[in-house]
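See structure below.
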Amino acid sequence: MLDGKALARQILDDIATKVGARVAAGKPRPKLATVIVGDNPASALYVRSKQKDARQVGIDSEDHRLPTETTTEQLLELIGTLDRDESVSGILVQQPLPIHIDLFQVVIAVDPIKDVDGFHPFNAGLVAQGLPGGIQPCTPSGIVELLERAGVRIEGANAVVVGRSNIVGKPTALLLLKRNATVTICHTKTKNLAGHTKRADILVAAAGKPNLITKDMVKPGAAVVDVSANRVEGGQVGDLAPGVDDVAGWLTPNPGGVGPMTRAMLVRNTYEAEVRRRP
Ligand code: NAP
């Protein structure tokens with residue numbers, strides 16, 4: 001099992017110690033500012049659990065809720081205020097945003113040093129170029145850390161990522177490439193998906209399609225990361241069909257695999273953003 005919950009706990013405990021030491025040294029407590037536009041219940045739930053994780057390690061949080069009819073300009077004004085606020089270490093604008101809001105303007109308005117989601121093109125560019133010093137997106141860095149800490153060999157592995165979004169698939173592929181995997185990215189126009197997945201030593205499923213990856217599409221012994229959070233009656237499922245666990249060598253539970261790691265990376269990014277801004 002690639003136990004994301006247990007590893008996330010360890011990471012959060014480590015950050016709690018570091019935050020405690022900073023505060024004991026008289027430095028300000030890091031603070032995460034969250035912004036939700038509209039009343040999407042899933043967004044509210046995600047933000048609540050992110051704030052809870054932050055609180056547990058001693059990071060303050062500040063909650064901003066705006067109505068659905070908020071304009072792009074109004075949202076940019078709030079982000080500008082948070083950018084200038086010395087007490088704010090990190091800014092998280094929960095997606096999805098209402099359709100009338102210009103997402104690109106919002107993403108580039110967040111000061112890259114406070115961009116704890118790692119979505120700003122400056123931070124995404126550093127990841128693309130394999131350069132240090134930026135903020136890495138939470139889900140991809142959580143996936144790679146889970147593989148590394150479990151002892152899955154990335155260097156030289158054939159890694160196949162199913163999904164090419166800017167927040168999950170593409171940056172995950174880039175982080176695996178940086179660690180010297182040979183990476184293939186699959187998407188809806190990929191021909192013969194199974195032909196690719198069957199060669200994967202590391203298979204990352206991030207398509208958001210229940211049962212997309214069946215047992216016969218997985219190489220025996222492969223490390224399989226099931227990223228997707230598909231809402232179904234009675235809870236959440238990923239992209240893996242039943243039986244994949246018979247052939248995989250390593251597997252993330254879902255839920256309890258990538259989700260907790262994503263949240264732990266957000267907390268870590270917030271702590272590190274504070275340290276970088278005010279050493
Ligand atoms: P997204 O923007 O919808 O992207 C999905 C990607 O999968 C697209 O690139 C799409 O290809 C590809 N795809 C869809 N169906 C496919 C198929 N049948 N065969 C091959 N490729 C296919 O989603 P996302 O934001 O990347 O998120 C992916 C999943 O991860 C979602 O279920 C989301 O809820 C979950 N997620 C989980 C976490 C977590 O913490 N656990 C965090 C973020 C996201 P095209 O580009 O060709 O359309």
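For the chain, which longest stretch is free of loop sites, where a loop site is one of the GluC sites (Glu not before Pro) that DSSP puts outside H, G, I, E and B and that has at most 14 other Cβ atoms within 10 Å?
The longest such stretch corresponds to 156-232.
What is the list of residues in the stretch 12-47 whose amide nitrogen lies under 13 Å from a point 7 angstrom out from the Cα of GLN74, following Cα to Cβ?
Label zone hits: 36-39.
Checking a compactness column here: for the stretch 64-152, what do you get for Rg(Cα) / (2.2 N^0.38 Å), N being the number of residues?
With N residues counted in the stretch 64-152, Rg over 2.2 N^0.38 Å equals 1.23.
Output the 0 to 90 degree angle, nearest 10, between the alpha-carbon long axis of helix 4-24 and the longest principal axis computed from the alpha carbons of the chain.
20
Can you compute the FRET efficiency between ILE108 and HIS187 using 1/(1 + (r/R0)^6), with r the Cβ-Cβ distance and R0 = 25 Å? Round to the nearest 0.05.
In this case the efficiency is close to 0.50.
With Kirkwood's inverse mean 1/r over C-alpha pairs for Rh, give me the Rg to Rh ratio of the chain, two decimals please.
So for the chain, dividing Rg by the Kirkwood Rh gives 0.97.
Restricting to the stretch 138-259, what percent of DSSP beta bridges are antiparallel, rounded to 5?
15
Using only alpha carbon pairs under 8 Å that are at least six residues apart, calculate the relative contact order of the chain and give it in whole percent.
So the answer I get is 21 percent.
Report the net charge of residues surrounding ALA124, where surrounding means a beta-carbon distance below 11 angstrom and charges are Lys +1, Arg +1, Asp -1, Glu -1.
Charge balance near ALA124 sits at -1.
Sorting ARG153, ARG9 by accessible area (1.4 Å probe), largest first, what list results?
Largest to smallest exposure gives the sequence ARG153, ARG9.
Could you order ARG84, ARG22, ARG263, ARG277 by accessible surface area, starting with the largest, using a probe radius of 1.4 Å?
The residues order as ARG84, ARG263, ARG277, ARG22, largest area first.
What is the ratio of the Cα radius of gyration of the stretch 56-105 to 2.2 N^0.38 Å, with N the residue count, to two decimals?
After normalising by residue count via 2.2 N^0.38 Å, the value is 1.25.
Can you give the Rg to Rh ratio of the stretch 138-259, both from alpha-carbon atoms, with Rh computed by the Kirkwood formula?
0.92
Which entries in the list LYS27/LYS52; LYS52/LYS219; LYS18/LYS50; LYS114/LYS189 go over 27 Å, if you measure between the two C-alpha atoms of each?
Beyond 27 Å between Cα atoms: LYS52/LYS219; LYS114/LYS189.
From the square roots a ≥ b ≥ c of the eigenvalues of the alpha-carbon gyration tensor of the stretch 179-246, which class results: rounded (a/c under 1.5), prolate (a/b over b/c), or oblate?
prolate
Mind checking which aspartates and glutamates have their C-alpha under 17 Å from LYS170, skipping anything on the same chain fewer than 8 residues away?
Within the straight-line limit of under 17 Å, LYS170 reaches these aspartates and glutamates: ASP117, GLU145, ASP226.
Express as a percent, rounded to the nearest 5, the fraction of DSSP beta bridges in the chain (both residues included) that run antiparallel.
Once the DSSP bridges in the chain are tallied, antiparallel ones form about 10 percent.
I'd like the orientation of helix 138-150 relative to the chain: the angle between its Cα long axis and the longest Cα principal axis, in ° from 0 to 90, rounded to 10.
Taking Cα atoms only, the helix is inclined about 50 degrees.
Does anyone have the angle between helix 258-277 and the longest principal axis of the chain? Alpha-carbon axes, 0 to 90°, nearest 10?
40
Can you run phi through the Karplus equation (6.51, -1.76, 1.60; θ = phi - 60°) for the stretch 96-108 and list ³J(HN,Hα) in whole Hz, with x for Gly and Pro?
Once rounded to whole Hz, the list reads x, 9, x, 4, 7, 8, 7, 4, 4, 4, 5, 4, 7.
Hey, quick one: spin label on ALA24, modelled 7 Å out along Cα-Cβ, who in the stretch 50-67 has an amide N within reach, i.e. under 15 Å?
Flagged as within label range: 58.
Over the heavy atoms of THR68, what accessible area does a 1.4 Å probe trace out, to the nearest 10 Å²?
Rounded to the nearest 10, the figure is 60 Å².
For the stretch 22-114, state what percent of all Cα-Cα pairs lands in each successive 5 Å bin, counting from 0 Å until the bin that includes the largest distance.
3, 13, 25, 23, 19, 10, 5, 2, 1, 0
The values are calculated or read from the model by the stated rules, or taken from the named source; none is laboratory data. Because the structure is a prediction, the values reported are computed rather than measured. All Cβ positions, even for glycine, are placed from backbone atoms using ideal geometry, and neighbour counts span all protein chains on display. Heavy atoms of the whole protein, side chains included, go into the accessibility calculation; ligands, DNA and RNA do not. Shrake-Rupley method; radii C 1.70, N 1.55, O 1.52, S 1.80 Å.
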